[in-house]
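Here's the structure, in structure tokens; my notes come after.
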Amino acid sequence: MSDKIEMKVTGLTIDPFTNMPIIILKDLQEKIALPIWIGLIEASSIATELENIDLSRPMTHDLLKTLLEHMNVTVEKVEIVDLKDNTFYASLYLTTSEKKFVIDSRPSDAIAVALRTKAKIYVARSVIDKSRKIESVSPSQEQMRSAKWAEILENLTPADFGKYKM
């Protein structure tokens, strides 16, 4: 069993409790869902790419893509590599003609770049396991809400998502 799972963006939604955007990643068989709470600006950038919206001026992630292309840098893949204290960590795997290197990134930025460069998105199995851990002894409200969200999100289909409003 691989320690990394290829995933795809299946939608954006809003957390009804916090009004914060959530990006939903699902494995290719759509059996595993991973919700990641992100900022409004990153959600807007991801939404414009998902919706194929052409803006008159480049957003930050478009600028980054253009810079990478002009410098002959290829985004090989992005990985969500860790989850600590409810914070996700990601890495961009980049290649030039001379070397390969890894850059630390926020998951929302890594996903926005991956969507623009058509790079694959992977999630470490340990991150999925950590995101699902719910204490069995008197779970807190936050843990119960998180467990309920995980159950809801795993059963969503792309048709369940409406257009993300920017």
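The values are calculated or read from the model by the stated rules, or taken from the named source; none is laboratory data. The shown structure was predicted, so the numbers you read here are calculated from the model rather than taken from an experiment. Glycine gets a Cβ as well: all are built from the backbone with ideal geometry, and neighbour counts include every protein chain shown.
Screening the range 130-145 for residues that are surrounded by fewer than 18 Cβ atoms within 10 Å (Cβ to Cβ), of a type in the set (Gly, Ala, Ser) and at negative phi and picking the one that is modelled with the highest pLDDT gives SER140.
The residues on offer are ASN19, ASN52, and the sole one that is surrounded by fewer than 20 Cβ atoms within 10 Å (Cβ to Cβ), more than 19 Å from ALA112 (Cβ to Cβ) and free of Cβ contacts under 8 Å to residues at least 60 places away in the same chain is ASN19.
When residues in the range 67-86 are screened for being loosely packed, with under 10 Cβ neighbours inside 10 Å and part of a strand (DSSP E or B), 1 of them pass. Taking the criterion of being without any contact (Cβ under 8 Å) to a residue 12 or more places away in the chain, of a type outside the set (Lys, Arg), assigned to a helix (DSSP H, G or I) and out of contact with any Lys or Arg (no Cβ under 9 Å at 6 or more places or on another chain), would at least one residue in the range 59-66 satisfy it? Checking the range 59-66: at least one residue is without any contact (Cβ under 8 Å) to a residue 12 or more places away in the chain, of a type outside the set (Lys, Arg), assigned to a helix (DSSP H, G or I) and out of contact with any Lys or Arg (no Cβ under 9 Å at 6 or more places or on another chain). For the range 27-38, filtered to residues that are under 10 Å from the mean Cα position of the chain (by Cα) and in contact (Cβ under 8 Å) with a residue 60 or more places away in the chain, the residue that is surrounded by the fewest Cβ atoms within 10 Å (Cβ to Cβ) is PRO35. For the range 97-129, the set of residues classified as out of contact with any helix residue (DSSP H, G or I) (no Cβ under 9 Å at 6 or more places or on another chain), part of a helix (DSSP H, G or I), of a type outside the set (Gly, Ala, Ser) and surrounded by fewer than 23 Cβ atoms within 10 Å (Cβ to Cβ) consists of ARG125, ILE128, ASP129, listed by residue number. Exactly one residue out of ALA110, ALA124, ALA90 is closer than 18 Å to ILE24 by Cβ and in contact (Cβ under 8 Å) with a residue 60 or more places away in the chain: that is ALA124.
Tallying residues that are part of a strand (DSSP E or B) and of a type in the set (Val, Ile, Thr) within the range 87-96 yields 2.
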